[in-house]
Amino acid sequence: MKRILLIVLTIASIFGCSTIESAIGGINSAVSDMGRESSEGIRLGPEFEFSIFYATHMLLVGYGFGDDNFREGKGVTWSVANEKSGEELIVKRALLKDMSDGTTWWYLSSIVDGEDQFYEMLIDKEMNILKVRYRDQDNGVIKEILLEQSGDSDSDAEGDSEMMDPHDYGKYSTGQETIKTKAGSFKTEHLIYDDNEYDHDKEYDDDEYDDDKKEYDDDLEYKYEYWLTDKVPGGVVKYIYENISENETMSGEVIDIRSGYKTQLESY
């Protein structure tokens, strides 16, 4: 159980709490809650720990561009780094099994300092998480979490992450670009979007453009870049998250694509 703290606190220290909080709500407050735990030991429930793990993991694997090109047993490995410190995390995601009732089993893993924390989870067609399995780090026993589903739930661990509509890609696309990683060479579509409503397509005269552009640059806090390709499970091969106000940049890229993933926890 302590391993999940290592992962979350390492991510916060590498990338800055504000950078993470800008992409997924609640990480900063969760880390603060952890810091207030007494010296008697960690008292976080497994549901809470998985919720934080899941939200963080989805951020690190560039989630949000569709899972249609995942195939049973196939997965991706991401290298995620802080541009300033050079520190690195390894995260993995794989589709383990398509079940006959339309549900699917997934594998999620984060490796910090050589220590691997992983879960296997069952989700339905609406991306609701139904069941989570993990190995207790204290005694090695396989345990299971059954998550209650409710229409008004706002839990990070209940599949409420939204996919970007492919019809919106054109709003943010800068064109085609070839990206090379350890996983290969990929022809991609490069998307850029940020937290400002500046109109990139508006036609300006020189003076008007300079004034508007300066105001845009002064107000800009966050910038997100994605390189998309259908040749990679999950649809993304590289991303850059930039927190301009905090001078923090987090980047991730796919370094391995492979088949052969199977359950390690007798999940099916």
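The values are calculated or read from the model by the stated rules, or taken from the named source; none is laboratory data. Just so it is clear, the structure is predicted and the values come from calculations on it, not from any experiment. Reconstructed Cβ throughout: ideal geometry from the backbone, glycine too, with neighbour counts over all protein chains shown.
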### Task
Go through the range 71-94 and count every residue that is of a type outside the set (V, I, T) and surrounded by fewer than 20 Cβ atoms within 10 Å (Cβ to Cβ).
13
### Summary
When the range 140-150 is checked residue by residue, the ones that are assigned to a loop (DSSP other than H, G, I, E, B) and crowded, with 16+ Cβ neighbours inside 10 Å are L147
### Query
Would you pick out the residues in the range 67-81 that are closer than 18 Å to G114 by Cβ and either touching a helix residue (DSSP H, G or I) at 6+ places or on another chain (Cβ under 6 Å) or not aromatic (F, W, Y) (or both)?
T77, S79, V80, A81
### Task
Those residues that are over 14 Å from V91 (Cα atoms) and of a type in the set (A, V, I, L, M, F, W, C), I need them from the range 237-249; list them, please.
I240, I244
### Message
What pairs come out if I take residues in the range 219-248 that are closer than 17 Å to W78 by Cβ and touching a residue at least 40 places away in the same chain (Cβ under 8 Å) and pair them with residues that are among the basic types (K, R) and outside any strand (DSSP E or B) whose C-beta lies under 6 Å away, six or more apart or interchain?
### Response
P233/K74
### Summary
Residue hits (the range 164-195; of a type in the set (F, W, Y), more than 13 Å from V232 (Cβ to Cβ) and in a strand (DSSP E or B)) are Y193
### Message
I'd like to know if the range 193-207 contains one or more residues that are at pLDDT 80 or above and either out of contact with any Pro (no Cβ under 8 Å at 6 or more places or on another chain) or closer than 23 Å to Y119 by Cβ (or both).
### Response
yes
### Top-ranked residue in the range 242-263 [being within 29 Å of L122 (Cβ to Cβ) and assigned to a strand (DSSP E or B); ranked as farthest from the chain's Cα centre (by Cα)]
R258
### Query
Going by the conditions given, is K131 within 22 Å of G234 (Cα to Cα) and out of contact with any strand residue (DSSP E or B) (no Cβ under 7 Å at 6 or more places or on another chain)?
no
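Are there strands (runs of 3 or more DSSP E) fully within the range 99-139 with at least 2 residues that are farther than 22 Å from G62 by Cα? List them.
Of the strands (runs of 3 or more DSSP E) lying wholly inside the range 99-139, those with at least 2 residues that are farther than 22 Å from G62 by Cα span 129-135.
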### Query
Quick one: how many residues across the range 57-79 are closer than 15 Å to M127 by Cα and among the hydroxyl-bearing types (S, T, Y)?
1
### Task
Select from the range 61-88 the residues that are among the polar types (S, T, N, Q), under 19 Å from L228 (Cα atoms) and out of contact with any strand residue (DSSP E or B) (no Cβ under 8 Å at 6 or more places or on another chain) and list them in ascending order.
N69
